[in-house]
Every structure is written in structure tokens, then in C-alpha cells.
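My structure is below; once you've seen it, I'll send some questions.
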Amino acid sequence: MALSGLDIYKHLPKTNCKECGFPTCLAFAMQLAAKKVDLSKCPRITEAGKAALDSASRPPIKLVSIGKDDQKLEVGNETVMFRHEETFYHPTGLGFLIEDTLTSDEVSQKVSSINKLKFERVGQEIKVDLIALKCASSNKETFVELVKRVSSQTDLGLVLMSDNPEVMKEGLDIVKDRRPLIYAADKDNFEKMAELAKERSLPLAVKAQTLDELAVLVEKITARGVEDLVLDCEDKDLPKKIQELTQVRKLALKKTFRPLGYPTIAITASTCPYQEVTEAASYVAKYASIVIMKGVEPWQVLPILTLRQNIFTDPQKPLQVEAKVYEVGQVSDKSPVLVTTNFSLSYYSVESEVESSRVGAYIIASFAEGLSVLTAWAAEKFTAETIAKTLNECGIKDKVSHKEVIIPGYVAVLSAPLEEESGWKVKVGPKEAAGIPSYLRSLKNS
Ligand code: SF4
């Protein structure tokens, strides 16, 4: 929780010496609360005051990074329970489990499938983040072989999974420069696992059966100087796991309970591939920072990435496309002209249906602050006046030799006023984008 100016003021020297460049300590505190200055500007702050402010200003859920460079995944640092309160900042990392009991061909095939899990949706690339390598064989050499093989075949971030610190050490020696997540410290191995994480400055997952045990373990590990932690409430059924993930989030945000103020990881347990998708999706929604699953089929992964994209889009900043004229397919001066709003989902729904119709067409994305057609119409951002203005200013008049525009069926009511306002003949298109292909083909044949 952010500190107020008064909270900060309590820890300042209160001398009003002005050395920070502000007339009073209170003025400085206010600027500090607004994050406009740095605490280091006050040369008189005591060590105790500094420590109190440093700790109090620490985010309630620590930001932890895994992987490096382009493949760096940052998780944690969330500030709200519900997206509509503000926004969620760090999308859940999605990873895939590979065990060292697979044959080398099976491993290579799986890595190749995972590397291809990239999709384009509403103009953005959505992709997966991690591969989790598990020592299921209890054999050090087999695990090391797996780590070598996979790390040479992917740039994705890595999670190394073994309860045996000796096995973990061998694996880490191969990929320590890629900042893998060590999974996991538990009540039996935490001292050695913490040592490995500290020596190599790597993030460490911590697992325990209950939240009480988890909190105790975290305190023991942080006391050893390891701060980049990821929490696992261990194997449970789905409802129990969701309940505990929610509790961790609540205790971190609402009670500023530091031992649970870390991102979380959830590993799917479902053996049915369909159930696994719903399980992983549930963890994305509530409140896993990382989800590790087994299934690597695109039909399993795309819905989860789509859900993640929706949940982690700032609700106050809808995804928008540039408001302009788009050409889809082979266009000529006789091609039909469709108009929609500049809300990404509206635009790309129309675009994909025009594409599949194989009728070349112009689509005008009219500026409507990124709102969907009906919402924009209700908010008076998509009106006869705004569409007429767009038709006049977007350059479409230089591209076509006709003056006919197709508006979405949901705003048929705009038909007459738009004709009057723009001088263009208005045709009412289908209500749903799915109706566009048959509509355009019927125009072509008429
Ligand atoms: S330098 Fe420190 S003590 Fe002096 S006025 Fe600024 S905040 Fe207060």
C-alpha cells in the first residue's frame, strides 16, 4: 500500500533545514509520496528512518524476475484484488512441464511444439513464457542431460524442478546465466536451496502444505538473505488451491503480511487434457503469478493466453487500433467501404470476416476512444456527426469512386442522420461480424 505524505513525514528529521530543496520536511514528504523525488535528497535522514521508509514503501507483493533479456518474465507487484479497482500489471507466466523420463526425441518434439506457441490476437502477439524441467527420474545424469538438451533448443525462461539440492546444483551450473527459477525449497531442504539461490542470485520457489508453514519457511529463507521468492501452496484440489491463492493475495495486499508478499506458482494436477485447460484458466484468473501445465496443444494454450490477455489489459485503456482507413484484400475504387470503431476487438473481428469473404474492401476505424460499437454509440462517440467527420477527413474519398458506406447493423438508427450529415449513401450491414462474408458476397452479386 502506498504511504501517504503524513506517514512519511513521521520518519523525517523535522528540522525544516531545506537542504533537500523543499521549504519544509512536510513539503518534501508530500513530494516523496507522489514519487516525484527520491529519499536520498534528504541528507539528514537517520538510518532508522531510512530503514522504516524503505520497508514501508516496499510493494506488498514483491516483483520477481525469471529469465533474461527478451525472455524476461516479471511477476508480482500487484496492487489490487480486482482488476476494475485499478489494473493488473504483470500477466501470469505460462510454462510447460517436461520430465526427464521422456526419451530425447519426445523431449525435442515437445520443446519444438512449445517454441511454436505464439499467436496473434487483436494486433498483439501472445505467447508462452517458461519451460519447467523436472527431475522425475531421481537420477542426476538424466536430469543434467535434459537441462542441456532443452536449454540448447529454446530461448524461453526455465524452471528447474528437483527437491534434491545436489541435483539442482548440477542443473543450475548449466543454465545459471539464464536466471532460472529454482523449484523448490521445502522444510527439509530449504537451507541448501537458499544457499544455491543466494550464491547465484537466483529466484527461489518455496513450497509447503499450509499457509502457516509457508510463512514460517519464507521467514527462515529471507533471514538467509534470499528475497526473490515465489510461493507454492503445493498439491491440492482446485477449489482449495484457489482459496489459498486468494488468501495469499488478500493477506499480502490487505494486511501487508510480508511473509506472503510474493508472487505465486500453481502446477496443474488434472490428467484430463480438457480439465487441465479449465484448471490452468482458473489459476490465471485467481491469482497465480505463474502456471505450469503439461498440455502443449495450441487448442489448449490459446484459450488460456486469450483469457490472460483479457484479464491483464488495463480496463481504463481499451486496446485500440489506429483510427484510419485500412485496405483488406485486393481493393479498387469500386470496393465497398465499411465503418466501425477503433476498438481493437471490433476492428479485428470485422477485418478477419472481410478477409474470409475474399471480397476486397476498405474498413474505416473511426476514432471512438477505443470503445466498442454499441458502447461508443451510447457514449456519443460513434454518431452521425463523428462518422461524417471521419468520412470527410480520412482520405477515403480519394480511394473510391462511389459514396456508399456500410455501417454496423447495431447502429442502423444512424442511417438517416448519417446520410444527411455526410452526403454518403448509407447501407446497414449485419449486426454480428460473422454475417459480413455473406453480406459482402451478396453485394458483389447484386
Ligand atoms: S533535507 Fe531532510 S530534514 Fe531538511 S527539510 Fe528536507 S526533509 Fe527535512
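The values are calculated or read from the model by the stated rules, or taken from the named source; none is laboratory data. If you're wondering where the values come from, they're calculated on a predicted model, not measured in any experiment. Cβ sites come from the backbone with ideal geometry, for glycine too, and all protein chains shown count toward neighbours.
Identify all residues within region 247-293 that are part of a helix (DSSP H, G or I), closer than 24 Å to Ile66 by Cα and β-branched (Val, Ile, Thr); write none if there are none.
Within region 247-293, Val248, Val277, Val284 qualify.
Would you say Ser4 is at pLDDT 90 or above, polar (S, T, N, Q) and more than 9 Å from the ligand (Cβ to nearest atom)?
The answer is no for Ser4.
Among the residues of region 173-199, what is the count of those that are touching a Pro at 6+ places or on another chain (Cβ under 9 Å) and surrounded by fewer than 19 Cβ atoms within 10 Å (Cβ to Cβ)?
4
A follow-up question, please. If we scan region 74-81, do we find a residue that is touching a Gly at 6+ places or on another chain (Cβ under 7 Å) and either of a type in the set (Val, Ile, Thr) or not assigned by TED's automatic domain parsing to the domain that holds Tyr287 (or both)?
yes
Let me ask something additional. Which residues, taken from region 10-62, are in a helix (DSSP H, G or I) and near the ligand (Cβ under 6 Å from one of its atoms)?
Across region 10-62, the qualifying residues are Cys25, Phe28.
On to the next question. From the list Glu227, Glu213, exactly one residue is in a loop (DSSP other than H, G, I, E, B), out of contact with any Leu (no Cβ under 6 Å at 6 or more places or on another chain) and surrounded by fewer than 20 Cβ atoms within 10 Å (Cβ to Cβ). Which is it?
Matching residue, one of Glu227, Glu213: Glu227.
Sticking with this one: Pick out the one residue from Ile98, Ile66, Ile131 that is surrounded by 14 or more Cβ atoms within 10 Å (Cβ to Cβ) and without any contact (Cβ under 8 Å) to a residue 40 or more places away in the chain.
Ile131
Shifting gears a bit: Given the structure, is Thr383 among the β-branched types (Val, Ile, Thr) and buried (at least 23 other Cβ atoms within 10 Å of the Cβ)?
When the stated conditions are applied, Thr383 does not pass them.
Somewhere in region 35-44, is a residue surrounded by fewer than 17 Cβ atoms within 10 Å (Cβ to Cβ), closer than 30 Å to Ala215 by Cβ and without any contact (Cβ under 8 Å) to a residue 40 or more places away in the chain?
yes
For (1) outside the structural domain of Thr87 (by TED's automatic domain parsing); (2) at pLDDT below 95; (3) buried (at least 21 other Cβ atoms within 10 Å of the Cβ); (4) outside any helix (DSSP H, G or I), each residue gets a yes or a no:
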residue	(1), (2), (3), (4)
Pro318	yes, yes, no, yes
Leu345	yes, yes, no, no
Leu371	yes, yes, no, yes
Thr390	yes, no, yes, no
Val400	yes, no, no, yes
Tyr410	yes, no, no, no
Val413	yes, no, no, no
Gly435	yes, no, no, no
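Of the residues in region 235-260, how many are closer than 16 Å to Pro59 by Cβ and not basic (Lys, Arg)?
Within region 235-260, residues that are closer than 16 Å to Pro59 by Cβ and not basic (Lys, Arg) number 8.
List, please: which pairs have Cβ atoms under 7 Å, are six or more places apart or on different chains, and start with a residue in region 324-348 that is closer than 21 Å to Tyr410 by Cβ and end with one that is assigned to a loop (DSSP other than H, G, I, E, B) and of a type in the set (Phe, Trp, Tyr)?
Thr341/Phe382; Asn342/Phe367
Can you tell me which condition Gln109 does not meet? The list is (1) polar (S, T, N, Q); (2) in a loop (DSSP other than H, G, I, E, B); (3) more than 10 Å from the ligand (Cβ to nearest atom), and all the others hold.
Looking at each condition in turn, Gln109 falls short on (2).
Scanning region 268-295 for residues that are among the aromatic types (Phe, Trp, Tyr) and surrounded by 19 or more Cβ atoms within 10 Å (Cβ to Cβ), which turns out nearest to Asn77 (Cα to Cα)?
Only one residue fits best here, namely Tyr287.
Could you list, in sequence order, the residues of region 420-433 that are part of a helix (DSSP H, G or I) and touching a strand residue (DSSP E or B) at 6+ places or on another chain (Cβ under 8 Å)?
Correct list: Ser422 only.
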